[in-house]
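Step one of this worksheet: look at the structure below.
The values are calculated or read from the model by the stated rules, or taken from the named source; none is laboratory data. Since we're looking at a predicted model, the values are computed, not measured. Please note: Cβ atoms are built from the backbone with ideal geometry, for glycine as well, and neighbour counts cover all protein chains shown. Remember, those area values only see protein heavy atoms, side chains included, never the ligands or the DNA or RNA. Shrake-Rupley method; radii C 1.70, N 1.55, O 1.52, S 1.80 Å.
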Amino acid sequence: MQTITEDQLSLEYYGAAVEKGQLKAKDVARYILALDEFMNVITTEAYGKDASLCMDVSGFRGQSFDIDFLLQVVGLSSGALFCTSSPKDLITLATDSIKLCIHLAGNQPKQCTPDSNANTVNIENSNGHTQVFHIQTLNVLSDPKAAN
């Protein structure tokens with residue numbers, strides 16, 4: 001398949017273990033695999049079931065434990081949600097999904113009001129606060145792979 005576009009994403013770790021220059025290999029591997037699974041869910045939601053994401057580790061750097069990934073989106077379908085085909089779209093959708101998790105604080109939404117014209121949804125949390133998210137954030141959070 002032909003690569004549609006590519007970009008970079010960095011995963012950074014901080015904390016006492018990193019300050020000592022160590023981090024458990026199994027933890028690092030688990031975090032990398034979890035990020036890969038999560039970003040693949042995001043890719044499917046953003047670009048359709050035929051799209052796939054290839055994340056290659058491209059470097060380690062810094063005082064923190066940083067891992068750079070090269071993101072490559074392939075197999076973009078004609079019905080893709082984001083027509084720019086930029087991995088930045090993926091990062092935005094991933095960030096919004098995390099913001100929605102924080103907004104809900106582990107609880108079910110009190111109310112969801114979709115706006116199909118804007119492709120958004122107003123989500124009220126259990127505290128009565130409402131935020132607007134792209135409709136696809138709900139699909140991301142309902143996917144068991146993303147939830148893990």
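Quick notes on this one:
- For the range 104-124, filtering for residues that are within 20 Å of the chain's Cα centre (by Cα), under 19 Å from residue 46 (Cβ atoms) and in a loop (DSSP other than H, G, I, E, B) leaves 1.
- Scan of the range 33-52 for residues that are out of contact with any Phe, Trp or Tyr (no Cβ under 8 Å at 6 or more places or on another chain), open to solvent by less than 20 Å² (accessible area, probe 1.4 Å) and among the hydroxyl-bearing types (Ser, Thr, Tyr), ordered by number: 43
- Taking (1) farther than 19 Å from residue 133 by Cβ; (2) open to solvent by 40 Å² or more (accessible area, probe 1.4 Å); (3) modelled with pLDDT under 75 in turn, residue 81 satisfies each apart from (1).
- Total residues in the range 125-144, condition among the β-branched types (Val, Ile, Thr), within 18 Å of the chain's Cα centre (by Cα) and either over 16 Å from residue 41 (Cβ atoms) or surrounded by 18 or more Cβ atoms within 10 Å (Cβ to Cβ) (or both): 3
- Within the range 93-145, the residues that satisfy the criterion of being hydroxyl-bearing (Ser, Thr, Tyr) and either touching a Ser or Thr at 6+ places or on another chain (Cβ under 6 Å) or in contact (Cβ under 8 Å) with a residue 40 or more places away in the chain (or both) are 97, 137.
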